[in-house]
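Heads up, the thing below is written out as structure tokens.
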Amino acid sequence: MADTKKTAKFTLDGRDFDLPVHSPTAGPDVVDIRKLYGQAGVFTYDPGFTSTASCDSAITFIDGDAGVLLHRGYPIDQLASASHYLEVCYLLLYGNLPSAAELEDFETRVTQHTMIHEQMHNFFRGFRRDAHPMATMVGVVGAMSAFYHDSTDINDPWQREVASIRLIAKMPTIAAMAYKYSIGQPFVYPRNDLDYAANFLHMCFSVPAEDYTVDPILARAMDRIFTLHADHEQNASTSTVRLASSSGANPFACIAAGIACLWGPAHGGANQACLEMLNEIGTVDRIPEFIARAKDKDDPFRLMGFGHRVYKNFDPRATVMKESADEVLELLGVENNPILQVAKELEKQALADPYFAEKKLFPNVDFYSGIILEAMGFPTSMFTPIFALSRTVGWISQWKEQLSDPALKIGRPRQLYTGETERDYVPVEKR
Ligand code: CMC
């Protein structure tokens with residue numbers, strides 16, 4: 001628990017209550033209201049948790065006004081340019097950058113768990129071919145608890161460790177299999193001589209009929225996309241994982257819950273929705289029409305890939321992603337991609353519009369990621385599964401942190417009840 005030197009005074013019906021105030025290592029102070037109900041008999045009300053810290057965490061820090069994102073203290077732009085995904089996984093999981101020997105050992109452990117139980121292939125085959133890969137992933141990841149019994153005991157630190165490695169290692173295999181199944185191609189087994197990102201591209205794009213060589217520049221771009229999505233503090237899917245885990249649920253069930261939450265278009269589903277929106281806009285001359293729709297209170301349309309609950313200046317991940325989009329498209333010889341032109345012009349026009357400036361709406365991580373993924377050859381339906389596999393390490397790190405917290409309690413919010421008060425049951429013939 002953070003430093004506690006101050007108290008906040010709360011007055012209700014003439015009675016004063018002192019509430020401890022915790023000072024974090026960075027970020028705003030936090031008023032501790034845990035004893036408020038017991039002492040004052042009232043709840044606090046905060047739908048959407050806009051002012052509520054749900055836990056202590058030492059993993060990720062965001063300053064939304066300054067556009068800062070730190071993992072274990074290290075800025076995301078430094079990690080995205082100088083580190084790589086598996087090193088960031090180690091950092092998130094264990095708290096520090098690894099030594100060369102620790103990194104090698106970690107990479108070996110992950111690499112040795114990339115295959116999934118052969119019986120799980122049958123499980124995939126139970127799905128319709130046209131299922132969204134996220135639907136398949138929710139099911140298959142949840143089903144891992146039926147295949148890996150020896151790592152479901154959350155009270156055993158070794159089993160927790162094994163489950164963590166298994167999830168990080170197998171998620172690319174599962175995502176790639178969901179994709180292959182959806183396009184009717186054979187599953188491609190992982191290749192342990194390739195690095196994490198290159199192996200994922202291999203499992204998605206190679207076929208048994210011919211040789212496939214992974215372009216190292218594309219593998220690097222893939223790795224950077226994984227890194228930029230690795231963790232993001234207490235967002236909706238991470239909070240879902242923590243809430244599921246607070247009941248003692250097994251890790252595979254918790255991560256499946258996180259995947260389900262991520263799927264929504266306000267969260268991880270925004271990358272698919274954003275590219276679909278850019279395609280629908282199609283040409284720069286139609287941008288004003290869509291900006292007008294986004295501003296119209298009577299139209300539910302929103303600019304996808306725009307806005308963020310926490311970032312109110314810029315999303316540092318979007319900055320790196322935009323640079324990556326330019327690099328990848330140039331590499332692929334499609335720098336004049338019309339959709340990239342639409343995205344850039346849309347960003348320019350929206351940022352110049354007082355509506356977006358006043359509401360502090362900026363491009364988020366999902367605004368440019370879809371353009372890169374599409375240029376790499378992924379269909380839009382794979383964008384959110386790629387986010388899910390990248391975020392798995394964040395979910396797992398937060399899950400492990402939560403389980404080692406002695407103050408852990410089951411998550412159980414209260415409510416502001418607005419329904420009927422008690423009334424007597426009326427038999428059906430008298431209604
Ligand atoms: N386009 C148009 N107006 C918007 C947008 C947008 N993309 N986002 C927010 N607004 C408006 C909204 O209508 C509201 O206006 P008013 O105050 O007049 O009612 C105001 O801005 C505040 O919006 P909010 O919905 O109360 O803000 P929030 O913090 O609850 O929502 C958000 C954050 C990300 C869900 C929202 O900005 C949004 O729906 N964006 C589009 C979806 C998207 O890109 N999501 C990806 C987020 S980043 C990756 C991730 O977390 O997975």
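See the values below:
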read-out: Expected 222 nm ellipticity per residue - DSSP helices of 4 or more, -39500 (n - 2.57), all of the chain, to 500; value: -15500 deg cm²/dmol
read-out: Candidates Pro300, Pro265, Pro172: whichever shows maximal mean-square fluctuation once the chain is modelled as a Gaussian network with Cα springs under 10 Å; value: Pro300
read-out: Interchain or long-range residues, amide H under 5 Å from Ala8's placed H; value: Leu19, Val21
read-out: Lysines with Cα under 19 Å of Lys400, excluding same-chain neighbours fewer than 8 positions away; value: Lys170, Lys409
read-out: Estimated FRET transfer efficiency (Thr418, Glu280; beta-carbon r; R0 35 Å; 0.05); value: 0.35
read-out: Ranked order, Thr108, Thr114 - accessible area, probe 1.4 Å, largest first; value: Thr108, Thr114
read-out: Reachable lysines, given that their alpha-carbon falls under 18 Å from the alpha-carbon of Lys5 and they are not under 8 places away in the same chain; value: Lys35
read-out: Quotient of C-alpha Rg and 2.2 N^0.38 Å, computed over the chain; value: 1.06
read-out: Neighbour net charge for Thr114 - beta-carbon separation under 14 angstrom, K R +1, D E -1; value: 0
read-out: Spin-label zone in the range 24-42 - amide nitrogen under 16 Å from a point set 7 Å from the Cα of Arg15 along the C-beta vector; value: 34-42
read-out: In order through the range 192-197: 3J(HN,Hα) via Karplus (6.51 cos²θ - 1.76 cosθ + 1.60), integer Hz, x for Gly, Pro; value: 7, 7, 9, 6, 4, 6
read-out: Zone of Ala266's modelled label, taken as backbone nitrogen in the range 362-395 under 16 Å from a point 7 Å along Cα→Cβ; value: none
read-out: Centroid-to-centroid separation of the range 163-218 and the range 362-400 [C-alpha atoms, Å]; value: 16 Å
read-out: Using θ = phi - 60° and Karplus 6.51 cos²θ - 1.76 cosθ + 1.60, couplings along the range 351-360 (whole Hz; Gly, Pro as x); value: 5, 8, 8, x, 4, 6, 5, 5, 8, 6
read-out: Sequence-distant aspartates and glutamates (8 or more away, or on other chains) whose Cα lies within less than 13 Å of Lys295; value: Asp353, Glu358
read-out: Pairwise label distance in nanometres, Asn336 with Phe49, each label 7 Å out on the Cα-Cβ vector; value: 4.8 nm
read-out: Accessible-area value, His267, 1.4 Å probe, nucleic acids and ligands omitted, Å²; value: 40 Å²
read-out: Gaussian network model of the chain, Cα within-10 Å springs - most flexible of Gly264, Gly38, Gly394; value: Gly38
read-out: Whole-angstrom gap from the range 74-98 to the range 16-31, using each part's C-alpha centre; value: 29 Å
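The values are calculated or read from the model by the stated rules, or taken from the named source; none is laboratory data. Since the model is a prediction, treat every value here as computed from it, not as a measurement. Please note: Cβ atoms are built from the backbone with ideal geometry, for glycine as well, and neighbour counts cover all protein chains shown. Please note that ligands, DNA and RNA were not included when accessible areas were found on the heavy atoms of the full protein model with its side chains. Shrake-Rupley method; radii C 1.70, N 1.55, O 1.52, S 1.80 Å.
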